[in-house]
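The values are calculated or read from the model by the stated rules, or taken from the named source; none is laboratory data. This is a predicted model, so every value here is computed, not measured. A quick note on method: Cβ atoms are made from the backbone with ideal geometry, for glycine too, and the neighbour counts reach across all protein chains shown.
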Amino acid sequence: MLELAEVTGAYGNVKTLFGVSFSVAPGSVHCIMGRNGAGKTTTLKTIMGLLTPTGGTITLNGADLGSESAENTAKRGVGYVPQGRRLFAELSVAENIQIGLMARRSDPATRDWVLDLFPPLKTRLTQRAETLSGGEQQMLAMARALCLRPSVLLLDEPTEGLQPSMIAQIRNVVMKMRCDGVAVVLVEQRSDAVLTMADHVTFLENGRSVETLPIAGLKAAPEKLTHYLGV
Ligand SMILES: Nc1ncnc2c1ncn2[C@@H]1O[C@H](COP(=O)(O)OP(=O)(O)OP(=O)(O)O)[C@@H](O)[C@H]1O
Ligand SMILES: [Mg+2]
């Protein structure tokens, strides 16, 4: 179980998170929604250890995660796919996956496993990452993060700018991870994608978690999307 309780954070002197709380059980998908600038990316960076919380607690299975470096957070089994995908642009698909494998255990079985999750990558192993389509780059970014065999997976807007067919492939992999018992934290702006993937949704407003509800609760009260997102 990943648990955040009243997490606060800042970039230097600029306070950004004012109290973020939610918990994510293994085998579930927890969506974070909120307007641009609400603090979604900052929340994921803070879980990942790229930013140190200034207050509150972050725990994984009861053990403190809030004071860990990003490297140690990854070693604890947290995988992270940043917004915008950040691949090694000039390296090939195979080399990007190799870097993911080096992060923990570079066994060939893991390589086969991630490539089986994203079959389109198999035919592009020697292609430079920067020449992949947007959807293929998202697949590669996810494949690289999954090389860790994470128990927690943080995904920052994985469907941003993608066509429906690509979104469906990303969704399939998210649902497979959920079946495998992974706790998925998904930042997602598209309500259609959220409603088909999420178990719970937390809305962020101005750096604060203002409401968490099960997906059935959101389906019963769709006006919350308009209220919190203005869509
Ligand atoms: N490196 C930084 N230095 C200073 N302030 C930052 C930095 N990164 C983000 N912020 C600020 O923190 C706030 C939250 O940003 P964040 O990127 O977490 O929002 P978001 O919810 O992910 O938005 P979006 O939907 O646009 O991706 C914003 O006001 C932003 O300007
Ligand atoms: Mg963001």
Task: Complete set of residues in segment 23-47 that are outside any loop (DSSP other than H, G, I, E, B), within 13 Å of ligand 2 (Cβ to nearest atom) and either hydrophobic (A, V, I, L, M, F, W, C) or within 15 Å of Glu6 (Cα to Cα) (or both) - done: Ile32, Met33, Lys40, Thr42, Thr43, Leu44, Thr46
TODO: Determine, yes or no, whether Glu71 is over 17 Å from the mean Cα position of the chain (by Cα) and more than 13 Å from ligand 2 (Cβ to nearest atom).
DONE: no
Open item on the list: Looking at Leu17, Leu4, Leu50, Leu101 in this structure, which one is assigned to a loop (DSSP other than H, G, I, E, B) and either more than 16 Å from ligand 2 (Cβ to nearest atom) or in the same structural domain as Leu186 (by TED's automatic domain parsing) (or both)?
Closed with: Leu50
Open item on the list: I'd like to check something: does segment 175-186 contain any residue that is under 23 Å from Ser133 (Cα atoms), assigned by TED's automatic domain parsing to the domain that holds Asn36 and among the hydrophobic types (A, V, I, L, M, F, W, C)?
Closed with: yes
- [ ] Only one of these is within 22 Å of Ala216 (Cα to Cα), in contact with a strand residue (DSSP E or B) (Cβ under 8 Å, 6 or more places away or on another chain) and surrounded by 15 or more Cβ atoms within 10 Å (Cβ to Cβ): Gly56, Gly34. Name it.
- [x] Gly34
